[in-house]
Amino acid sequence: MRDEESVLEVRGLGHRYGDATSGHHAIGSLDFAVRSGEFVSIVGPSGSGKTTLLRIVTGLMRPGQGSVEVAGRPVSGGVPEDVAVVFQDYSRSLFAWMSVRRNVAFPLRNARCSRDERTAESLAAVGLTDFAGRYPWQLSGGMQQRVAIARALAYRPKLLLMDEPFASVDAQTRADLEDLALQVHERFGTTILFVTHDIDESVYLSDRVLVLSSPPARLLADVQVDLPRPRDQLATRQLPEFVRLRAEVAGLLLRQRDPRDETGPAVGSAEEMPAWA
Amino acid sequence: MTHRVAGIALRSLESLILVVVLVGLWQWYTAAHHPLYFTPPGDIWRTIREHWLSGQPSKLRTAVEPSLRRVLLGWLIAAVVGVAVGVAIGATRWLAPYVDPLVHFLRSLPPPAILPVFLVLFGIGDRMKIIFIAFGIVWPILLNTIRGVRSVPVLQLETGRVFGVGPLRRLFQIVLPAAAPQIFAGLRIALSLALVLMVISEMVAASGGIGFEILQGQAAFDFPGMWAGIVVVGVVGLLLNGVLSLVEGRVLGWHRGARAAAQ
Amino acid sequence: MGVAASRLGGLDGVRLARPVVRTAQGLVGGIAFCALWQLLADRHFVLAVYFPTATTTLRSSFFLLGHRDFWVAIRDTLHAMLEGLAISILIAVPAGVAVGRSDHVYRITRTVIELLRPISAVALAPLAILVFKTGIKPTIFLVVWTSVWPILVNTIYGMRDLDPVAYDTARSFGFGRLAILFRVALPNAASYVVTGVRIAISIALAVAIAGEIVAGGGQGIGGWIGKESASGSLVPVYAAAVIVGAIGYLINRLLELVEQRALHWHESLRTEHGR
């Protein structure tokens, strides 16, 4: 289609851990693309291979089958240059022995002056200018995750991956961080692939929501989200379109819960919202 | 403000009071009863002042200096070798089951038991003592480095890789800082052990040093001299530990803060 | 049913195979080390009696196992080490409890402990000879001097590290001071005591041998090594070192197991206090 515009291209991707009989078949077959400047979310039941997918895209793992291209270059073995990641576990992915400023500057290889400039700019973008000299462990969880976002921003990635980034913060902080992600997307035009298990969050943030099946993962639906931007925590969530989209995605995920699947939670009625939505 | 100063003064007074009382008791008892082998603290101090701190030549130059040189050189060699080899072993995960038992065995080897080997192979000079100290104390450093490197969280290494950070910077900016608390624990154990090995090597291969002076004092019935040597060994140990603690406090300030924050 | 059975079987298989594989891998490492040693020694950089090959050493170790003198020496060394440790525990644990219980006592004694701790045992050896004459006693004294500090410091730390919530909980249930000491504080400190004892034992063997060399009057492994090395050949020294190393290895491994058992409820990593 519009190949030259897509930042991420996933074709025929499949992966299996262990051998064919006793192993875990994490990803069946996945095909999708993320265009430049898009905000795309991936939702799926837990254990649906979201993490596997991210590890393959970041080059930390080789896929069993298929291929991944970032910015037109295949990800094969090595780590692609244009990708930055915000992990869920901020306390570990930030370095306790570096100040906030040094954490943000850590991946930058440019000359000193432009590095300082970029670090300052990224810290300002997440509202942490005054905390540059502190250490991560002196900050709250939400602020630590802001540092991780600033670090990813300073790297100026073509593709920003966010792996359930807000799953371990409280509800209020989470709303703030969601809006921060939207601002960053708006201001820097960053292409974002956002992995979450929260249906509301995926609809609220994205241009498109990719719904994965339970493993072996395949694409159940590619839901277009045409909610107006800028989005607002209260107004957007009250729009009939938001409610409809949320129900659509939830319905897709609920139908995944097969009674034969003993490990999943009990099946509720189709109207009932799942607890994790 | 004055309250706080008073509080600090009171507390330091409190921490010194027992020392003063014990030294006083010792002085009183030895002065009154003249036990053969126990010298009054006053005499020990006079010996230290007259023979160690001054005199021609002073024992600061003839005994303390060589002893310090042996301990520090042995410790430095052990630190460099232990950390370098420890990082190599710790980072190569498949190597662990092959190397671990061997390292544990070598650590269990009591260094004094092989002192004769070092005496014969390297003579009785400084070289022997430095190599003996380094060999004897490298194991706690090595083991702690291996453990520290192995316990670096995978996510930290992957964060480095994802952001395109090369192996050398990952080593110096992620692996070594993350393993530093454990490495320092090893360095501290090694320092105490180094002092033990310094003294024993100086006693066995008599050629000067604090250990030699202690043994000399005993053999020549110069008990104030013997006690002075013992006190000097303690002071040297105290100073070296203090310096290491200072360095550790600077390098690992983040670690203490992070631990306190996690609790 | 069938699935469960095969799963169990698989698990058993893994449990049986893992230590066997691990041991084999450890042996491979040991053999590689010996091969390297053999190659180096065979080049004759130094006289063979000063740097024997691995095979010579191991053969001689094997012969040593049949020597009565050698076993007597080992028995004496272990005796000095264990008696010294027992005395250290009897001194250090009650002292540590007494010091750690009260902030006041802790502040008063802290400086004395910090001043005495760095005096290395071997420096006291000449004094130990004067006071305890010859025989095993000077060595025991040196082991006690070395072992007391890590046990004492760890016990103090364990007593002071009591979680205030645990203390308050016990208070709210109406426990008295003695009850809190025996039912809350001591069990809490127990794992620290075990760590202190493990650190003490890991150095006690070396100090016992050091003591025998400088103050032992020819007793124990230290004395035995001194006598043998005076004969001109170092082969028996190497051979004895291998056996002593093996004993130390077994002691350390056993202690790690005991410590893991004692600490199983205390998952978090703790830094070691004391040497």
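The values are calculated or read from the model by the stated rules, or taken from the named source; none is laboratory data. This one's a predicted model, so the numbers in the text were calculated from it and none came from an experiment. For neighbour counting, all protein chains shown are included, and Cβ atoms are generated from backbone atoms with ideal geometry for every residue, glycine included. Protein only, heavy atoms only, side chains kept; ligands, DNA and RNA dropped before computing areas. Shrake-Rupley method; radii C 1.70, N 1.55, O 1.52, S 1.80 Å.
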Cβ pairs under 8 Å, 6+ apart, first in the range A:15-43 and assigned to a loop (DSSP other than H, G, I, E, B), second among the aromatic types (F, W, Y):
A:G23/A:Y17
In the range B:203-225, the residues that are open to solvent by less than 10 Å² (accessible area, probe 1.4 Å), touching a residue at least 40 places away in the same chain (Cβ under 8 Å) and facing chain C (nearest Cβ under 9 Å)
B:I210, B:G211
Can you find a residue in the range B:186-196 that is free of Cβ contacts under 8 Å to residues at least 40 places away in the same chain and either more than 14 Å from chain A (Cβ to nearest Cβ) or of a type in the set (A, V, I, L, M, F, W, C) (or both)?
yes
Looking for whichever is of a type outside the set (A, V, I, L, M), surrounded by fewer than 16 Cβ atoms within 10 Å (Cβ to Cβ) and more than 22 Å from A:L245 (Cβ to Cβ) here; the options are A:R16, A:R62. Which one fits?
A:R62
Inside the range C:35-80, the number of residues satisfying the requirement of being hydroxyl-bearing (S, T, Y) and open to solvent by 100 Å² or more (accessible area, probe 1.4 Å) is 0
I'd like the full set of residues that are in contact (Cβ under 8 Å) with a residue 40 or more places away in the chain and open to solvent by 30 Å² or more (accessible area, probe 1.4 Å), limited to the range A:44-59.
A:P45, A:S46, A:G47, A:T51
List the residue pairs whose Cβ atoms are under 6 Å apart, where the first residue sits in the range B:68-91 and is among the small types (G, A, S), the second is surrounded by fewer than 20 Cβ atoms within 10 Å (Cβ to Cβ), and the two are 6 or more positions apart or on different chains.
B:G90/B:R150
I'm trying to understand the selection: among the residues of the range B:90-110, which are open to solvent by less than 20 Å² (accessible area, probe 1.4 Å) and either more than 7 Å from chain C (Cβ to nearest Cβ) or more than 16 Å from B:L143 (Cα to Cα) (or both)?
B:G90, B:A96, B:V103
Do the conditions hold for A:Q88, that is, is it at negative phi, polar (S, T, N, Q) and facing chain B (nearest Cβ under 10 Å)?
yes
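So that you can scan it fast, the table gives a plain yes or no per residue for (1) outside any helix (DSSP H, G or I); (2) within 24 Å of B:I89 (Cβ to Cβ); (3) not assigned by TED's automatic domain parsing to the domain that holds C:Y238:
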| site | (1), (2), (3) |
| --- | --- |
| C:P19 | no, yes, yes |
| C:R22 | no, yes, yes |
| C:V28 | no, yes, yes |
| C:A35 | no, yes, yes |
| C:V49 | yes, no, yes |
| C:G66 | yes, no, no |
| C:L78 | no, no, no |
| C:M81 | no, no, no |
Of the residues in the range A:193-225, how many are outside any strand (DSSP E or B) and either among the aliphatic types (A, V, I, L, M) or within 23 Å of A:K158 (Cα to Cα) (or both)?
9
What do you reckon, is C:L90 assigned by TED's automatic domain parsing to the domain that holds C:G158, modelled with pLDDT of 90 or more and within 29 Å of C:K227 (Cα to Cα)?
no
Considering only the range B:138-154, I want to know if a residue exists there that is within 8 Å of another protein chain (Cβ to nearest Cβ), in contact with a helix residue (DSSP H, G or I) (Cβ under 9 Å, 6 or more places away or on another chain) and under 30 Å from A:F87 (Cα atoms).
yes
Can you go through A:A124, A:A152 and tell me which one is part of a helix (DSSP H, G or I) and more than 22 Å from A:V43 (Cβ to Cβ)?
A:A124
When you check B:V120 against the structure, is it assigned to a helix (DSSP H, G or I), modelled with pLDDT under 90 and closer than 21 Å to C:A210 by Cβ, yes or no?
yes
Out of the residues in the range B:137-184 meeting the condition of being crowded, with 20+ Cβ neighbours inside 10 Å and of a type in the set (F, W, Y), tell me which one is modelled with the lowest pLDDT.
B:F163
Is one or more of the residues making up the range A:58-68 assigned to a helix (DSSP H, G or I) and under 17 Å from B:F163 (Cβ atoms)?
no
With respect to the numbered conditions (1) more than 30 Å from A:Y155 (Cβ to Cβ); (2) hydrophobic (A, V, I, L, M, F, W, C); (3) surrounded by 22 or more Cβ atoms within 10 Å (Cβ to Cβ); (4) more than 8 Å from every other protein chain (Cβ to nearest Cβ), which one is the sole condition not fulfilled by B:I200?
(4)
Residue under evaluation B:V80, criteria (1) touching a helix residue (DSSP H, G or I) at 6+ places or on another chain (Cβ under 8 Å); (2) more than 14 Å from every other protein chain (Cβ to nearest Cβ); (3) over 21 Å from C:W37 (Cα atoms), criterion not met:
(1)
Please determine whether any residue of the range B:93-115 is touching a His at 6+ places or on another chain (Cβ under 9 Å), part of a helix (DSSP H, G or I) and at pLDDT below 95.
no
Residues of the range B:1-44 that turn out to be away from chain C (no Cβ under 14 Å) and open to solvent by 100 Å² or more (accessible area, probe 1.4 Å), as a count
8
Restricted to the range C:216-239, and to residues that are at the interface with chain B (Cβ under 8 Å from one of its Cβ atoms) and among the aliphatic types (A, V, I, L, M), which residue is nearest to the chain's Cα centre (by Cα)?
C:I221
Which of the residues belonging to the range B:45-67 are without any contact (Cβ under 8 Å) to a residue 40 or more places away in the chain and either surrounded by 15 or more Cβ atoms within 10 Å (Cβ to Cβ) or not in a loop (DSSP other than H, G, I, E, B) (or both)?
B:W45, B:R49, B:E50, B:L53, B:S58, B:L60, B:R61, B:E65
C:K133, sole failed condition from (1) away from chain B (no Cβ under 12 Å); (2) open to solvent by 10 Å² or more (accessible area, probe 1.4 Å)
(1)
